[in-house]
1. Assuming residue 71 fulfils every condition listed in (1) over 23 Å from residue 242 (Cβ atoms); (2) among the β-branched types (Val, Ile, Thr); (3) assigned to a helix (DSSP H, G or I); (4) in contact with a strand residue (DSSP E or B) (Cβ under 9 Å, 6 or more places away or on another chain) apart from one, which condition is it?
2. Against the definition (within 17 Å of residue 33 (Cβ to Cβ), in a helix (DSSP H, G or I), in contact with a helix residue (DSSP H, G or I) (Cβ under 6 Å, 6 or more places away or on another chain) and not small (Gly, Ala, Ser)), how does residue 129 come out, yes or no?
3. Just the residues that are part of a loop (DSSP other than H, G, I, E, B) and either surrounded by 22 or more Cβ atoms within 10 Å (Cβ to Cβ) or charged (D, E, K, R) (or both), please, taken from the stretch 246-259.
4. Let me confirm something: among 54, 20, 32, 58, which residue is in a strand (DSSP E or B), at pLDDT 95 or above, among the small types (Gly, Ala, Ser) and closer than 25 Å to residue 231 by Cα?
5. Give the residues of the stretch 80-114 that are surrounded by 14 or more Cβ atoms within 10 Å (Cβ to Cβ), farther than 28 Å from residue 240 by Cβ and small (Gly, Ala, Ser), sorted by residue number.
6. Name the pairs: first residue in the stretch 214-225 and over 16 Å from residue 265 (Cα atoms), second residue modelled with pLDDT of 75 or more and among the polar types (S, T, N, Q), Cβ to Cβ under 6 Å, at least 6 apart or on different chains?
7. Could you give me the residue pairs with C-beta distances under 7 Å whose first residue belongs to the stretch 49-70 and is free of Cβ contacts under 8 Å to residues at least 40 places away in the same chain, whose second residue is in a helix (DSSP H, G or I) and of a type outside the set (A, V, I, L, M) wherever it lies, and which are 6+ apart or on separate chains?
8. Any chance the stretch 91-114 includes a residue that's over 11 Å from residue 23 (Cβ atoms), assigned to a helix (DSSP H, G or I), of a type in the set (Phe, Trp, Tyr) and in contact with a Lys or Arg (Cβ under 9 Å, 6 or more places away or on another chain)?
Amino acid sequence: MSAPPPAAAAAPDGIAGTTALVTGAGHGIGAAVAAALAARGARVACVDVDGPAAAARASDLDGALSYVADVADPDAVERAFAAAERDLGPVGICVSVAGILRPATVLDTTDADWRATFDVNATGVFHVLRAAGRRMAQRGRGSIVTVASNAAGVPRTGMAAYAASKAAATLLTKCLGLELAGRGVRCNVVAPGSTDTAMQRALWTGDDGAARVIAGSPETFRAGIPLGRIADPADVADAVVFLASDQARHITMHDLYVDGGATLRA
């Protein structure tokens with residue numbers, strides 16, 4: 001009886017040694033993405049408007065540095081990219097995670113909350129993707145991933161500004177992917193559902209918040225989560241790492257839902 005063949009070596013994923021810039025890296029999904037990329041050997045630029053949080057995340061990761069930037073400010077974004085490339089090398093992976101949520105019905109949404117939501121979740125993504133895309137296009141390579149939301153594809157009560165801003169970010173990313181496909185740059189979207197972050201917990205009104213999200217809410221026309229669990233930030237980070245890696249080298253303009261089936265992929 002012949003011996004089993006030796007296990008195949010893991011294929012290189014192109015992440016080790018690459019500079020990766022992650023916005024929103026100080027908290028939640030962004031922090032998980034930064035950690036996942038660093039674990040694969042990337043030099044990570046942790047960018048966040050919360051400087052101490054970005055610094056704390058970077059201090060825990062080998063080869064990572066932190067930078068303070070409000071993505072709503074195009075000059076701050078450009079400075080962050082310039083500093084990261086000066087300190088860590090050309091950015092080959094960019095992950096746009098920074099976002100805010102100000103829940104309210106359409107009729108109760110203030111002008112200020114609408115503007116703030118779009119300033120970060122849509123215009124901020126534009127600033128980040130433009131800065132990354134210009135640099136990557138010149139070099140003829142690169143991978144961009146936008147963390148949007150499954151709310152971009154399914155109506156949500158009390159979340160119109162958030163959903164609309166995430167829908168804008170999703171289509172922006174796909175348009176950029178089409179424009180840069182011939183320049184060797186891939187642009188993809190990861191769309192999380194309910195994920196165990198401070199932003200998610202702020203929506204809960206009692207100790208059974210997680211259970212209520214999993215079960216769904218007929219009165220607000222919201223389906224539950226078929227897989228029966230809320231995502232961990234690492235679940236989303238794993239999807240981001242895959243799309244950023246060479247293992248997804250023939251994938252661009254894709255929108256990967258990571259929501260346990262909550263949207264029924266509508």
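1. Here residue 71 clears every test but (3).
2. Working: within 17 Å of residue 33 (Cβ to Cβ): yes; in a helix (DSSP H, G or I): yes; in contact with a helix residue (DSSP H, G or I) (Cβ under 6 Å, 6 or more places away or on another chain): yes; not small (Gly, Ala, Ser): yes.
Yes; evaluated as a whole, the condition is true for this residue.
3. Looking only at the stretch 246-259, we keep the residues that are part of a loop (DSSP other than H, G, I, E, B), and these are 249-254, 259.
Across the stretch 246-259, the qualifying residues are 249, 259.
4. Numbers: 54 fails: in a strand (DSSP E or B); 32 fails: in a strand (DSSP E or B); 58 fails: in a strand (DSSP E or B).
Testing whether each residue is in a strand (DSSP E or B), at pLDDT 95 or above, among the small types (Gly, Ala, Ser) and closer than 25 Å to residue 231 by Cα leaves just 20.
5. Let us first name the residues in the stretch 80-114 that are surrounded by 14 or more Cβ atoms within 10 Å (Cβ to Cβ), namely 80-81, 83-85, 88, 90-104, 109, 113-114.
After this cut, where a residue has to be farther than 28 Å from residue 240 by Cβ as well, the list is 104, 109.
The answer is 104, and nothing else.
6. Pairs found: 220/157.
7. Every condition considered, the pairs that remain are 65/87; 68/51.
8. The first filter runs over the stretch 91-114 and keeps only residues over 11 Å from residue 23 (Cβ atoms), leaving 91-93, 100-114.
Subsequent filtering for residues that are assigned to a helix (DSSP H, G or I) retains 111-114.
With the extra rule that they be of a type in the set (Phe, Trp, Tyr), the set shrinks to 114.
From what's left, in contact with a Lys or Arg (Cβ under 9 Å, 6 or more places away or on another chain): 114.
Checking the stretch 91-114: at least one residue is over 11 Å from residue 23 (Cβ atoms), assigned to a helix (DSSP H, G or I), of a type in the set (Phe, Trp, Tyr) and in contact with a Lys or Arg (Cβ under 9 Å, 6 or more places away or on another chain).
The values are calculated or read from the model by the stated rules, or taken from the named source; none is laboratory data. Since the model is a prediction, treat every value here as computed from it, not as a measurement. All Cβ positions, even for glycine, are placed from backbone atoms using ideal geometry, and neighbour counts span all protein chains on display.
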